[in-house]
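I have placed the structure first, in the form of structure tokens, so that the comments after it can refer back to it.
The values are calculated or read from the model by the stated rules, or taken from the named source; none is laboratory data. What you are looking at is a predicted structure, and each value in this text was computed from that prediction instead of being measured. Virtual Cβ from ideal backbone geometry, glycine too; neighbours counted across all protein chains shown. Remember, those area values only see protein heavy atoms, side chains included, never the ligands or the DNA or RNA. Shrake-Rupley method; radii C 1.70, N 1.55, O 1.52, S 1.80 Å.
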Amino acid sequence: MPSSPADASSSGQRFPGELCNVPVVDGDRVAAARGLADRANAVVLLKGPTTIVAAPGGDPVFLNPTGTPLLATAGTGDVLTGIVAAFVARTAG
């Protein structure tokens, strides 16, 4: 089990519609992110009104409720991916 999200073997970010192969029960986005993180053994960022960050192995899920409609602008996902990659690179030993 990873001790932190940076310890997972990979990371990815997805929009809710891209998780169509993950069973979502009653619209439970946290469960969907956790399920995908476990199945992919990867850190998952599920963007939306509240961005969800889930790591495999039952680690705590982090919620960021500070998003705005401006984050739906093209390219913000690319910026987010770059930020995540920078943090992962900083913690890689």
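Residues of the stretch 44-93 being more than 23 Å from Ala31 (Cα to Cα) and of a type in the set (Lys, Arg), which ones?
Answer for the stretch 44-93, where residues must be more than 23 Å from Ala31 (Cα to Cα) and of a type in the set (Lys, Arg): just Arg90.
Show the residue pairs meeting these rules: Cβ distance below 9 Å; 6+ apart or different chains; first residue within the stretch 50-64 and under 12 Å from Arg39 (Cα atoms); second residue modelled with pLDDT of 90 or more and part of a strand (DSSP E or B).
Final answer for the pair search is Ala54/Phe62; Ala55/Phe62.
Working only within the stretch 34-89, note down all residues that are acidic (Asp, Glu) and open to solvent by 60 Å² or more (accessible area, probe 1.4 Å). Let's see the steps before the verdict.
Residues of the stretch 34-89 that are acidic (Asp, Glu), as a first pass: 38, 59, 78.
Those that are acidic (Asp, Glu) and open to solvent by 60 Å² or more (accessible area, probe 1.4 Å): Asp38, Asp78.
Being assigned to a loop (DSSP other than H, G, I, E, B) and aromatic (Phe, Trp, Tyr) is the filter here; which residues of the stretch 41-93 pass it? Give the derivation first.
Step one: list which residues in the stretch 41-93 are assigned to a loop (DSSP other than H, G, I, E, B), which gives 41, 47-50, 55, 59-61, 65-68, 73-75, 92-93.
Scanning the stretch 41-93 gives no hits.
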